[in-house]
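The values are calculated or read from the model by the stated rules, or taken from the named source; none is laboratory data. Nothing here was measured: the structure is a model prediction, and the numbers come from that model. Neighbour counts run over all protein chains shown; Cβ positions are idealised from the backbone, glycine included. All accessible areas refer to the heavy atoms of the entire protein, side chains included, with ligands and DNA or RNA removed. Shrake-Rupley method; radii C 1.70, N 1.55, O 1.52, S 1.80 Å.
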Amino acid sequence: MPLILRRLALSLFLVLFFSLSWLALWTISLHLTQNSQQATLLLPQGLRLALLILLPRRYWPALLLAEGAILLWLNNQQLLNAPLMLILPCLSLLPAWCTQRLWYRYHHYWQRLSLLLAAISANALLYGLLAGPWITAPISQTLLTCFTGGVLLVPFLYLIHTYLKQQLVATMPAPHPLTPQIRTSLLLWCSLFFTIGICVQVAIAPEMERLLLIFIFLPNVLMAYLFGWQGGVLAALFGSILITLTRQAGGAFQDSRELELFLSTQALLGIGLGIAISRQQQLAQKLQRYRQQLERELAAKRHLMERLVATEEETRKGIARELHDEIGQNITAIQIQAMLVNRSATAPATRLAAEQIDALSQRIHHTTRTLLRQLRPPVLEEMAFDKALSHLANEFAFAEQGIDFHLDYQLPVPPSDKTLVSTLYRVAQESLNNISKHACASHVRLRLTQNDRMITLEIRDNGQGMPPQASSGFGLLGIEERVHALGGDWQLQRRNGTRVIVNFPTKLNETPS
């Protein structure tokens with residue numbers, strides 16, 4: 001029972017509001033067109049079409065009955081001598097019904113505005129084709145009148161409907177509203193443009209009034225640019241008021257057809273520009289969200305790779321510890337046993353076997369020490385980074401091989417990130433190892449610089465070049481994986497020797513520019 005009473009109260013309020021608005025708009029239209037039939041087809045028809053589309057169908061009978069009563073009263077008062085006008089409101093039911101069927105399939109404002117424009121055009125065609133032959137005005141005039149009234153009021157009432165809906169659901173969470181919020185500045189700018197237009201209208205000479213109409217389009221462009229479709233719709237309505245005042249003040253239009261053509265043109269201009277600009281703004285916002293999402297994903301991926309690199313270093317340290325504690329002790333025990341056998345043995349063959357066991361154990365011990373240095377360079381924890389690089393170069397004994405090695409260390413402050421220091425060291429280690437084994441070079445240069453938040457490691461030689469499939473030790477593939485994991489980039493040049501260039505951000509959480 002309360003629901004029925006509530007709907008009845010809403011219906012009565014709607015009938016009252018619609019009746020008063022309809023009569024006010026009919027009076028304005030009659031003043032503009034000087035024709036009662038055309039006045040009915042201008043602004044009141046746009047009001048009816050908008051409400052039929054935006055309101056639930058249960059309110060349609062109330063609207064049609066209210067308009068029928070008004071038309072009957074106008075006919076009895078001989079203000080509208082056309083009984084046919086009593087049934088014409090029913091023609092708007094078909095485009096309104098079709099629009100409502102498609103309304104909730106589209107959620108974006110520009111899609112719904114396009115749907116409204118299609119409904120306005122279909123409604124005008126129905127009036128022109130079905131009612132045009134029975135109306136005193138030409139069919140083209142009927143089409144233009146219906147279209148002008150619809151394009152002026154339907155988008156505007158959709159804007160008001162959107163605003164009221166936003167106010168009702170303001171307390172509900174809406175992280176990504178499909179329709180932009182209406183701002184107070186929108187109304188302020190519209191009022192400012194309207195006031196400026198009125199002042200210019202009053203001040204300009206009568207012979208310049210036609211030139212004034214050109215400047216009426218400028219607020220449409222500015223409002224559409226500043227506020228999108230909402231600005232375009234409001235500018236269209238305010239521009240219509242300004243054009244009407246212009247005509248009434250100085251007679252800038254010769255007849256109602258010229259006025260309606262100009263009104264519909266400037267309304268379509270504002271709405272079209274607003275839709276286009278808002279659509280571009282929406283696409284830009286989407287691209288911005290996608291870019292931010294991609295940056296977050298890349299940052300998460302980089303953080304994961306940094307953790308993987310750090311985990312790899314910890315694993316290397318664990319393996320090195322096991323090699324040192326287990327294999328190192330066993331090799332030492334084998335050497336001691338071989339020495340004891342050699343001392344106590346009397347047969348030459350036994351002594352020879354003991355010496356071979358001792359030699360093999362020494363080779364295994366040397367290989368194990370080399371693996372330990374590769375797995376866990378102790379110099380990184382025992383000395384400064386520049387000294388560690390010098391120590392690394394000394395391990396390859398370039399001077400004994402007749403190779404001139406030069407270290408050009410230009411970092412103002414050593415890197416604070418242990419993962420970055422470890423990676424720089426391993427890249428240098430792998431590169432120098434490849435040079436020592438394959439390059440046959442006479443000059444090697446290692447250069448480390450920092451510029452614009454980037455650290456650059458450059459290693460070059462004048463040898464015969466690195467083999468295409470060189471993958472010993474840490475390996476080129478390992479270099480590439482680590483460099484990319486830490487957000488860096490690298491280049492490998494094999495012309496006139498070999499040149500390796502690696503760039504890293506000084507802070508691993510920054511994206512290199």
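Would you please give the residues with an amide H less than 5 Å from that of residue 455, counting only those at least 5 places away or on a separate chain, with H modeled from the backbone geometry?
Answer set, sorted by chain and number: 504, 506.
What FRET efficiency do you get for residue 337 and residue 317 if R0 is 25 Å and r is their Cβ-Cβ distance, rounded to the nearest 0.05?
Working: r = 30 Å, r/R0 = 1.20.
Computed FRET efficiency for residue 337 and residue 317 comes out at 0.25.
For residue 160 and residue 7, FRET efficiency with R0 = 22 Å and r from the beta-carbon atoms, rounded to 0.05?
The computed FRET efficiency comes out at 0.55.
Rolling a 1.4 angstrom probe over the protein heavy atoms, how many square angstrom per residue are accessible across region 370-460?
Values: 4450 Å² over 91 residues.
For region 370-460, the per-residue accessible area is 49 Å².
Once you have the Cα-Cα distance between residue 406 and residue 301, take 0.36 nm times their residue separation minus that, and quote the gain in nm to one decimal. List each step's numbers first, then the result.
Numbers: separation 105, 0.36 × 105 = 37.80 nm, distance 3.68 nm.
Full extension from residue 406 to residue 301 adds 34.1 nm.
For region 345-439, list log₁₀ I(q)/I(0) at each q in 0.22, 0.23 Å⁻¹, using the Debye formula over Cα point scatterers of equal strength and ignoring solvent, two decimals each.
Those come out to -1.18, -1.25, one per q.
Run through all the Cα pairs of region 330-394 and give the fraction in each 10 Å bin from 0, expressed as whole percent.
Binned Cα distances yield the sequence 21, 32, 19, 18, 10, 1.
Which trypsin sites (Lys or Arg not before Pro) from region 75-129 combine a DSSP loop assignment with at most 13 other Cβ atoms within 10 Å?
105
Identify, among 412, 394, 349, the residue whose Cα sits farthest towards the positive end of the charge dipole of region 311-463, taking +1 on the Cβ of Lys and Arg and -1 on the Cβ of Asp and Glu, with the dipole about the Cα centre.
Of the options given, the answer is 349.
Which of the aspartates and glutamates could a cross-linker span from residue 418 if the Cα-Cα distance has to be under 15 Å and same-chain partners fewer than 8 positions apart are dropped?
306, 312, 313, 314, 381, 382, 386
So how much slack lies between residue 326 and residue 291, counting 0.36 nm per residue of separation and subtracting their Cα-Cα distance, in nm?
Values: separation 35, 0.36 × 35 = 12.60 nm, distance 5.16 nm.
Here the segment from residue 326 to residue 291 would lengthen by 7.4 nm.
Order the peptides 291-299, 37-45 from the highest to the lowest mean number of other Cβ atoms within 10 Å of their residues. Each step should come with its number before you reach the end.
Values: 291-299: 10.8, 37-45: 27.0.
The packing order, highest mean first, is 37-45, 291-299.
Compute the distance in nm between two label points, each set 7 Å from the Cα along the Cα-to-Cβ direction, one at residue 276 and one at residue 77.
4.4
Lysines near residue 437 by alpha-carbon distance under 27 Å, same-chain residues fewer than 8 away left out - which ones?
Leaving aside lysines fewer than 8 places away in the same chain, those within reach of residue 437 are 317, 387.
Separation between the residue 356 and residue 241 pseudo-spin-labels, each 7 Å from Cα along Cα→Cβ, expressed in nm?
A separation of 11.0 nm, rounded to one decimal place.
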